[in-house]
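Written out below as C-alpha cells is the structure these notes cover.
Read the figures in this text as sums done on the coordinates, not as results from a lab. This structure is a prediction, so every number in the text was calculated from the model and none was measured. Don't worry about glycine lacking a Cβ; one is built from the backbone with ideal geometry, like all the others, and counts go over all protein chains shown.
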Amino acid sequence: MSHNDSSFTQPSAYPLGTCTLVGAGPGDPELLTLKAVKAIQAATVLLVDDLADSGHTLHAVVDMLKTNYKPITELRSAVVWTKGLSGFQPDYSVEYLPTNPWIHQPFEGYDSMSPEKLMEKWKV
C-alpha cells in the first residue's frame, strides 16, 4: 500500500509521515507503555528484527499483535537475515542463509569483557 492509496485512512493522532518506534524490551507484551499501545492500535506496522532464526519469537509477536490489536491496518515484517531452518518467512529480508550459520554480531566481543576492560578500551 502506498501513501497515495486512497483506501488508506490515516488516524488523526498520527499524521501521515509519522514514525513511532516501539521497542519490545524483554518481550513481555504487558510491559508496553500506554503511548506504545495507542500507537500500535491505530497503525500500519512494520515489525523489524535482525534475524529470523527458528521463527518462534517472530510468530509469537505477529500472533499477539493480530490478536490483541485489531485496529492495526496493515502488518508486515522485515529482517536482515533469514535462516533456512526458520519457520517464519518475513515480508522483507536482506539475506537468506540456507546453511543456518552462526551470526556474529558486531557487539559480541563486548559480552565477555569486564567493566575495567571496557573502560580501558573506550578511554578518551
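The relative contact order of the range 29-121 comes to 26 percent, based on Cα pairs under 8 Å that sit 6 or more residues apart.
Would you calculate the separation in nanometres between label points at residue 111 and residue 18, each defined as 7 Å from the Cα along the Cα-to-beta-carbon direction? Going from the residue 111 label point to the residue 18 one covers 3.8 nm. Between residue 78 and residue 31, the simple spin-label model (points 7 angstrom out along Cα→Cβ) gives 2.5 nm.
Pairs of alpha carbons in the range 29-121 separated by more than 14 Å make up 71% of all such pairs.
Report note on the peptides 43-53, 69-79, 92-102, 110-120: ranked by the mean count of other C-beta atoms within 10 Å, highest first, their order is 43-53, 69-79, 92-102, 110-120. Applied to the range 93-109, the Karplus parametrisation 6.51 cos²θ - 1.76 cosθ + 1.60 on θ = phi - 60° returns per-residue 3J(HN,Hα) values of 8, 6, 9, 8, 10, x, 8, 6, x, 6, 8, 9, 7, x, 8, 4, x Hz, with x for Gly and Pro.
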